[in-house]
Each structure stands twice: as structure tokens, then as C-alpha cells.
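Peer 1: First the structure, which I've put down as C-alpha cells, then a few questions once you've had a look.
The values are calculated or read from the model by the stated rules, or taken from the named source; none is laboratory data. Quick caveat, the model's predicted, so the values are computed rather than measured. As a convention, Cβ positions derive from the backbone with ideal geometry for all residues, glycine included, and neighbour counts pool all protein chains shown.
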Amino acid sequence: TLSDKLDLVFKKLRGQGVMTEDNVKDALREVRLALLEADVNFKVVKDFVEKVRTRAVGTEVLQSLAPGQQVIKIVHDELVLLMGGSEDNSLDLAAKPPVAIMLVGLQGAGKTTSCGKLAKYLKGQRKKPLLVPADVYRPAAIEQLKVLGRQLDIEVFNSLATQKPLDICREAHRYATLNGFDVIIYDTAGRHQIDDYLMEELEGIRDELAPREILFVADAMTGQEAVNVAQGFNDRLGITGVILTKLDGDAKGGAALSIKAVTGKPVKFVGLGEKLDALDVFHADRLVSRILGMGDVLTLIEKAQSTFDEKEAARLQQKMKKSGGQFDLEDFRSQLQQIKKMGSLESIMNLIPGMGKAMKQMQGAQPSEKELKRIEAIIDSMTAKERANHTIINGSRRLRIAKGSGTSIQEVNQLLKRFTEAQKVVKQLQKMGPKGLMKGMKG
Ligand code: GDP
Ligand code: MG
């Protein structure tokens with residue numbers, strides 16, 4: 001990580017007076033590379049590195065801190081400032097209901113999915129949202145939103161693909177007013193590129209329905225390109241904020257920094273998966289930690305806290321304590337059940353430093369629902385002794401377990417292999433120290 005690299009750069013410097021132009025040069029090169037790697041726009045990087053240089057040069061090298069850490073601290077603080085620091089980036093709903101929110105962005109960015117997530121989020125805040133499909137171009141776009149609405153038990157306005165988007169929004173607004181909805185969420189159409197015709201359509205909706213929020217939905221995976229597109233939408237529509245989607249993937253999220261730096265508009269939410277609860281309120285310091293390779297432990301712990309069964313966590317923790325960090329098949333089974341509740345395993349693992357990569361290495365580690373059932377069946381067919389100590393499961397036991405669970409020996413083998421991998425992961429999690437995962441889970 002950047003932190004390690006800077007420590008190396010500064011190894012010789014510890015306790016040697018002040019930082020000079022000369023000795024921060026190497027550090028800043030690492031900072032620049034890390035930011036570019038994280039998809040931060042190069043102009044933004046240039047200005048930023050200049051700022052850090054000014055602040056770092058002349059700083060006294062503290063005895064107690066490695067200079068690398070000192071620079072990391074400066075970089076971290078400046079990045080958080082660049083992202084708006086502690087500015088309030090919450091959704092602005094301070095208008096006469098029904099308050100309108102309009103989502104805009106390129107095709108495939110995640111608008112429709114984010115509409116669903118946002119509606120769920122608002123419902124959780126005791127609001128009554130109405131979802132409005134206003135994408136009449138993409139085949140089945142209306143149906144897509146209707147499906148989401150059904151899953152969430154949130155009403156979707158009955159638009160027809162033969163209507164004009166502006167007419168749909170106008171009618172939906174009237175409907176929402178008459179029926180006591182608090183919030184209207186307009187799901188608009190996208191294109192592969194910014195296009196004039198679409199912009200005119202969106203401007204028409206904006207001018208007539210005066211949405212309180214115009215949220216630009218940006219796909220974090222598109223990296224640098226997201227900045228230009230954001231600027232294009234902002235120039236035409238005057239966006240009020242950003243939803244950065246697909247941060248559960250490999251993208252480090254540097255696009256968020258660039259978008260904020262270039263448009264001045266805050267990121268309000270981040271999307272962390274395809275599921276409808278995979279939406280987080282944006283926290284600048286967490287994104288910055290992610291960009292600097294410090295992992296997103298805070299988000300993880302919060303997420304774990306809200307879904308992890310407390311009793312189960314306590315049981316597991318008790319057990320870990322007793323056995324000095326050992327973890328058996330019984331625990332593995334209940335972990336899988338907890339993970340099912342928390343959302344995708346991958347999205348959780350990506351939040352832990354270094355864990356995203358570890359997960360990729362243990363190929364196919366994320367079980368599907370069906371696999372999960374099979375795994376549970378296999379573990380159910382074991383004796384308590386076997387669950388407590390998998391090393392006793394020899395060939396004949398494997399055969400018996402396979403028969404008992406209606407699976408094959410290969411599947412039993414595969415599970416045991418996967419389990420030993422999970423054991424390793426658990427050991428790593430344990431290394432996270434007293435502030436580690438289990439504590440976070442227990443709340
Ligand atoms: P739209 O064209 O902008 O409306 O985009 P959609 O909402 O239809 O999303 C396009 C694809 O991206 C779908 O397959 C979504 O499931 C997926 N998607 C949306 N948000 C996220 C996210 O935060 N993470 C991941 N992994 N996929 C997402
Ligand atoms: Mg859509």
C-alpha cells in the first residue's frame with residue numbers, strides 16, 4: 001500500500017530535522033502514482049500534489065512518527081478536505097412534498113438500480129416514495145423498475161412506453177400530490193454518450209418539475225471518463241450531487257475525488273453491489289482510506305453491526321476466545337448464514353484491506369444460494385465431532401457424508417478445501433487486533 005511505500009521512502013529520514021524539498025520528492029512521486037492508479041484525474045492530482053508539497057516541506061520530522069506516516073497524514077487530511085471534509089452531504093428534501101429527485105447519467109451507470117436503492121433508503125426513513133419510470137427508450141426499462149418496486153413493496157407509477165417522458169413525470173407528480181407521497185424519484189433514460197436530444201429532454205423535465213435533487217449516477221469502473229461525463233451533465237443540468245456506483249468492484253473510487261474537484265458537487269451515496277441494500281451514505285474519510293489502501297474498515301464494521309446477529313456474534317466470539325482463534329465447521333455454517341444476511345460476500349471482503357485480493361485468489365469463494373444450501377446439507381450430515389475437528393474426516397467418513405447429504409465426494413472435498421481457506425481468512429481477521437472485526441460485529 002501507499003503507506004508501506006512511504007515508510008520505505010522515509011526510512012532513512014527518521015528523526016532528522018525538517019522535511020526538505022529534496023526528501024519529500026520521492027514520497028510525492030508515490031502519492032502521485034497512487035492517486036493516478038486510483039483513477040483520480042491527472043489535473044486534480046497535479047494541483048493536489050503541489051498542495052501537499054507546500055504543506056510538507058518545512059514540517060518538522062517528529063521523533064515519534066515515521067516521516068512516511070506524517071506525509072500520509074497530510075495526504076489523508078488534504079484529500080478529505082478536497083472531498084468536502086465534514087460538509088453535510090445528506091440528501092436535501094427540504095421542500096414542499098412531494099419532493100422530487102431526478103437521477104441522470106449514462107446508460108448502464110446504475111440509475112434504475114440506484115432509484116430502487118434510494119427508495120428503499122427513504123422508506124427506511126419513514127418516507128413514502130413513488131418510483132417513476134421515465135426511460136421509454138430502453139426496452140423493458142419500465143418493467144425493470146416495476147420489478148424492483150415489487151421487491152421493495154414500493155409503488156411504481158404506471159408509465160407507458162408510448163408516453164413522452166415529460167408527460168409521465170408531470171402525471172406522476174399530480175398522482176403523488178393527490179395520494180400523499182413524500183418523495184418522487186424519476187428514473188430517466190441514458191445514452192452511451194452525452195447527447196443533445198437527451199439533454200433537452202432532461203432539461204424539459206427539470207424546468208417543469210423543479211427537482212430538489214438532480215443526482216448524477218457515475219459508474220466508478222469507468223474511471224477517468226466519469227469526470228468528463230459528470231462535467232457534461234453538470235454544465236447542462238446543474239446537478240446537485242453524485243451517486244458513485246460499482247465501488248464493490250476493483251475501482252478505487254478516485255473518480256469521486258475528481259468529480260467533486262471538477263464540478264464542485266458532492267458525492268452523496270455510493271453503490272456497493274447489485275442488491276438493493278448495497279447503498280451507503282458517502283463518507284469522505286472512508287473513500288480516502290480506500291484510495292490510500294487503508295481499507296474501509298469503518299464501513300465494514302458498521303455494515304456488520306447492522307446485520308450481524310448479536311447473539312450469534314457473541315457465541316462465536318466466546319468460542320474463538322476459548323479456542324484461541326480456532327474456527328470449526330459449525331462456525332463456518334453459521335458464518336455463511338450471516339453472510340447471506342449481510343449481502344454479497346465479495347462486497348464485504350472488498351472493504352477489508354488486502355482482502356479483496358485474497359478473495360480473488362480463492363477463486364469462486366462466493367457461494368450462490370444453491371451452493372449455500374448444499375454446503376449446509378453437507379455440514380448437517382456430519383457428526384458433532386466431525387464438525388468440531390474436520391481433520392478426522394477421512395475417506396470413509398467423506399463417503400458417508402456425501403451419501404447422507406445427497407452430494408458427491410468431490411463436493412464434500414471441495415467444501416473442506418473451501419473451509420480451510422476460510423479458516424485462513426478468519427485468522428487474518430483476528431489479526432486486525434482489538435479494534436478488529438469481531439468486536440465491531442458485537443457492537
Ligand atoms: P441504468 O442503465 O443506468 O439504469 O443502469 P442499471 O440500474 O440498469 O444498472 C446496470 C447494471 O449495473 C445492472 O446489471 C446493475 O445490477 C448493475 N449495478 C448497478 N449498481 C451497481 C453497484 O453498485 N454495484 C454493482 N456491482 N453493480 C451495480
Ligand atoms: Mg435504467
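Peer 1: Scanning for something in contact with a strand residue (DSSP E or B) (Cβ under 7 Å, 6 or more places away or on another chain), aliphatic (A, V, I, L, M) and at pLDDT below 80, does the stretch 34-54 turn up at least one residue?
Peer 2: No, the stretch 34-54 contains no residue that is in contact with a strand residue (DSSP E or B) (Cβ under 7 Å, 6 or more places away or on another chain), aliphatic (A, V, I, L, M) and at pLDDT below 80.
Okay, residues lined up against (1) within 12 Å of ligand 1 (Cβ to nearest atom); (2) without any contact (Cβ under 8 Å) to a residue 12 or more places away in the chain:
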{"residue": "Gln125", "(1), (2)": "no, yes"}
{"residue": "Val147", "(1), (2)": "yes, yes"}
{"residue": "Phe157", "(1), (2)": "no, no"}
{"residue": "Ala161", "(1), (2)": "no, no"}
{"residue": "Pro165", "(1), (2)": "no, no"}
{"residue": "Ile168", "(1), (2)": "no, no"}
{"residue": "Leu178", "(1), (2)": "no, yes"}
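Peer 1: Is the stretch 198-210 home to any residue that is in contact with a strand residue (DSSP E or B) (Cβ under 8 Å, 6 or more places away or on another chain) and over 19 Å from Val136 (Cβ atoms)?
Peer 2: Yes, the stretch 198-210 contains a residue that is in contact with a strand residue (DSSP E or B) (Cβ under 8 Å, 6 or more places away or on another chain) and over 19 Å from Val136 (Cβ atoms).
Peer 1: All but one of (1) within 16 Å of ligand 2 (Cβ to nearest atom); (2) loosely packed, with under 14 Cβ neighbours inside 10 Å; (3) of a type in the set (Lys, Arg) hold for Arg126, so report the exception by its number.
Peer 2: (1)
Peer 1: Oh, and also: (1) within 12 Å of ligand 2 (Cβ to nearest atom); (2) touching a strand residue (DSSP E or B) at 6+ places or on another chain (Cβ under 9 Å); (3) more than 17 Å from Val183 (Cα to Cα); (4) of a type in the set (Lys, Arg): which one isn't true of Lys111, the others all being true?
Peer 2: Here Lys111 clears every test but (3).
Peer 1: Does the stretch 82-91 contain any residue that is of a type outside the set (D, E, K, R), closer than 22 Å to Ala189 by Cβ and either more than 12 Å from ligand 2 (Cβ to nearest atom) or within 21 Å of the chain's Cα centre (by Cα) (or both)?
Peer 2: Among the residues of the stretch 82-91, not one is of a type outside the set (D, E, K, R), closer than 22 Å to Ala189 by Cβ and either more than 12 Å from ligand 2 (Cβ to nearest atom) or within 21 Å of the chain's Cα centre (by Cα) (or both), which makes the answer no.
Peer 1: Does at least one position in the stretch 76-86 carry a residue that is of a type in the set (Val, Ile, Thr) and touching a residue at least 60 places away in the same chain (Cβ under 8 Å)?
Peer 2: So far as the stretch 76-86 goes, yes, one or more of its residues are of a type in the set (Val, Ile, Thr) and touching a residue at least 60 places away in the same chain (Cβ under 8 Å).
Peer 1: Here's a follow-up. Give me the pairs: first residue in the stretch 197-210 and within 14 Å of Ile168 (Cα to Cα), second residue among the aromatic types (Phe, Trp, Tyr), beta-carbon distance under 8 Å, and six or more apart or on different chains, which are they?
Peer 2: That search, which allows pairs on different chains as well, returns Ile205/Tyr186; Leu209/Tyr186.
Peer 1: Looking only at the stretch 104-123, count how many residues are near ligand 1 (Cβ under 7 Å from one of its atoms) and closer than 17 Å to Leu148 by Cα.
Peer 2: 7
Residues are listed down the side, and each one gets a yes or a no for (1) among the aliphatic types (A, V, I, L, M); (2) within 24 Å of Asn234 (Cβ to Cβ); (3) outside the structural domain of Ile185 (by TED's automatic domain parsing):
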{"site": "Leu103", "(1), (2), (3)": "yes, yes, no"}
{"site": "Cys115", "(1), (2), (3)": "no, yes, no"}
{"site": "Lys120", "(1), (2), (3)": "no, no, no"}
{"site": "Lys128", "(1), (2), (3)": "no, no, no"}
{"site": "Asp135", "(1), (2), (3)": "no, yes, no"}
{"site": "Arg150", "(1), (2), (3)": "no, no, no"}
{"site": "Asp153", "(1), (2), (3)": "no, no, no"}
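Peer 1: While we're looking at this one, here's another question. For the condition of a type in the set (A, V, I, L, M, F, W, C), closer than 16 Å to Gly271 by Cβ, crowded, with 22+ Cβ neighbours inside 10 Å and more than 13 Å from ligand 1 (Cβ to nearest atom), what is the one hit in Ile72, Ile101?
Peer 2: The match here is Ile101.
Peer 1: Shifting gears a bit: Inspect the stretch 9-21 for any residue being at pLDDT 80 or above and among the hydrophobic types (A, V, I, L, M, F, W, C) and give the result as yes or no.
Peer 2: Within the stretch 9-21, none of the residues are at pLDDT 80 or above and among the hydrophobic types (A, V, I, L, M, F, W, C).
Peer 1: Sticking with this one: If a residue must be outside any helix (DSSP H, G or I), away from ligand 2 (no atom under 12 Å from the Cβ) and of a type in the set (D, E, K, R), how many such residues does the stretch 134-159 contain?
Peer 2: 2
Peer 1: OK, next. Within the group Ala176, Ala161, which residue is under 13 Å from Ala141 (Cβ atoms), surrounded by 13 or more Cβ atoms within 10 Å (Cβ to Cβ), in the same structural domain as Lys111 (by TED's automatic domain parsing) and of a type in the set (Gly, Ala, Ser)?
Peer 2: Testing whether each residue is under 13 Å from Ala141 (Cβ atoms), surrounded by 13 or more Cβ atoms within 10 Å (Cβ to Cβ), in the same structural domain as Lys111 (by TED's automatic domain parsing) and of a type in the set (Gly, Ala, Ser) leaves just Ala161.
Peer 1: Turning to a different aspect of this structure: Among the residues of the stretch 195-222, write down those that are more than 16 Å from ligand 2 (Cβ to nearest atom), of a type in the set (A, V, I, L, M) and surrounded by fewer than 23 Cβ atoms within 10 Å (Cβ to Cβ).
Peer 2: Scanning the stretch 195-222 gives Met199, Leu209, Ala210, Met221.
Peer 1: Considering every residue within the stretch 246-265, establish whether at least one is free of Cβ contacts under 8 Å to residues at least 12 places away in the same chain and either within 25 Å of Asp285 (Cβ to Cβ) or aliphatic (A, V, I, L, M) (or both).
Peer 2: Yes: the stretch 246-265 contains one or more residues that are free of Cβ contacts under 8 Å to residues at least 12 places away in the same chain and either within 25 Å of Asp285 (Cβ to Cβ) or aliphatic (A, V, I, L, M) (or both).
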